[in-house]
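In what follows, a structure is listed as structure tokens, so that the remarks can point back to it.
The values are calculated or read from the model by the stated rules, or taken from the named source; none is laboratory data. Worth saying up front: this structure is predicted, and the values here are computed from it rather than measured. Positions of Cβ are generated from backbone atoms using ideal geometry, with glycine treated the same way; all protein chains shown enter the neighbour counts. When the accessible area is computed, the model is the full protein with side chains, heavy atoms only, and any ligands, DNA or RNA have been set aside. Shrake-Rupley method; radii C 1.70, N 1.55, O 1.52, S 1.80 Å.
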Amino acid sequence: MLPFSRVNMFAVLLCGLILFVGCKKTDSSNNNNNNNNNNNNNSNLPPAVTPVGVPVDDPVTKTIGASGGSIISGDGIVELNIPAGALSSNTEISIQPVTNEAPGGIGLSYHLMPDGTKFSTPAKLIFHYTDHDISGSVPYLLYIAYQDSKNIWRADYVKRNVDTVAKTASLDISHFSIWSAGEFLVLKADVDQLHHDENSHLRVVQTYNPPAEPNSTAPGEDELPPLPVEIPVEDQYVLNWRIDGALPNGTNGTFDGGGSHITYGAPSTIDEEKTVQISARLRFNAPMYNNGQVVNPTMEVILFKDITLLPEIYKFHMVARYVDTLYGNETGIYTDYAEMDIIVENNNVRISFIQNSPPTVAPSSFMVGLCTYTYLVDQVGPINFTNNCTGYVGLNPTTHKNEVGLLLSQADPHGPGGFDLTCPADHTADQHSPPPAIMGFDYLAVTFNLINEPQLVTYQSSPSEKITYELTPN
């Protein structure tokens, strides 16, 4: 059993965290003793000032009057509940999704309009979140923020109410602006899907200003403290990194680096799709709030990030070609071919875009002795694949390498459609054999190596005829 999991994550939060973001210094004589707890205080960080988000999709608009009402964004993420008496008259209320420029922001931001609207009684702004939204963080590390007229982001992590059952974060607000939800502490990964030997850079970052007086503003007042720029957590506050609760061992991947930044390396071999959970254990030394109240004192937090390991995807274009030198020489070469696309993923083989071509003879007329043979066109040759072609992946017992085997179903394959035979007057046709018969098979089989390299597989059935399979990686 893992020492920590998603199930007991909140128990970890409530039993243990020491917030690394720092507490306010109160006595300069204690600076040396408290240095380890205060060197990550963000109160001196500049506030985050960003461009205004760009509109995404169309706004949702609804008329709400003095009796109150609700409006929900088109994507269902944001809900605004306006109580009776908050507005004095009918007002066209709109929610316009915009790109999220807030540091640590999740999903989109939402422009509540019309600008300048104020409420006599606070309205409730609700953000709905998913597990994917807070991947790398936990619900009680969510903030709700707005962008003021100077493009400064101002955030609340104290009065907002997180409902972990309904998966919502809500806040009473008194005015309209661009609003966003985000995480003030999160484990981020540059890439969360990897193939073998690929890397992902992971880092723990924070966007946090410790509130000096958490209850200094009344419910609904929007003069929130500035949201600082995003910075890495100091290395000393990251206690350890783990993969599925254990140290790297090669088969589950590797770590390079330490502190707040590491590089995770995927294993050299990935046989099937699976997920590994990267965790960072941190000290946390400031209180966590919910609905204006301090969450039970904690000493440590563990952040989790899922990385999906994907087996290699192999894509090939294959041309199957039948060639027969009809009389054992280079006069009159009979050719038939077909092509298809092949995808191998998770040891499953998919065959698509099968195209059969009619056979040809070059030259179309040729001499054998004193007689002339002229090929009669036929639309079907010895290669005529159907959509019932199948494939499998297996291990070659000799090379110990994976191979792909194809069983290629055919429909009525047969040889040349015939020839017109013309001989001089002093020769008779029965003095010469007709072109040799070319037999068709209900199935053709081929195996090739599972590698992303060009390959040519040849089967020689007689001195004059052969089938080649030419594979080109896409």
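Quick look at the numbers
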{"read-out": "Per residue accessible area of segment 336-412, 1.4 Å probe, in Å²", "value": "52"}
{"read-out": "Efficiency of FRET between Asn44 and Asn474 - r from beta-carbon atoms, R0 41 angstrom, step 0.05", "value": "0.15"}
{"read-out": "Estimated dipole of segment 86-190 in Debye, rounded to 20 [Cβ of Lys and Arg +1, of Asp and Glu -1, Cα centre]", "value": "240"}
{"read-out": "His128, His400, His195, ranked by accessible area, largest first (probe 1.4 Å)", "value": "His400, His128, His195"}
{"read-out": "FRET E, pair Asp244, Ser120, Förster distance 60 Å, beta-carbon r, rounded to 0.05", "value": "0.65"}
{"read-out": "Thr360, Thr251, reordered so the largest accessible area comes first (probe 1.4 Å)", "value": "Thr251, Thr360"}
{"read-out": "Carbon/sulfur fraction of accessible area - segment 57-127, other protein chains in place, 1.4 Å, %", "value": "50"}
{"read-out": "Residues His400 and Thr374, FRET efficiency given R0 of 51 Å [Cβ-Cβ distance, rounded to 0.05]", "value": "0.45"}
{"read-out": "In Å², nearest 10: area of Ser67 left accessible to a 1.4 Å probe", "value": "100"}
{"read-out": "Stretch gain in nm, segment Thr360-Val457, where the contour uses 0.36 nm per residue and the Cα spacing is subtracted", "value": "32.7 nm"}
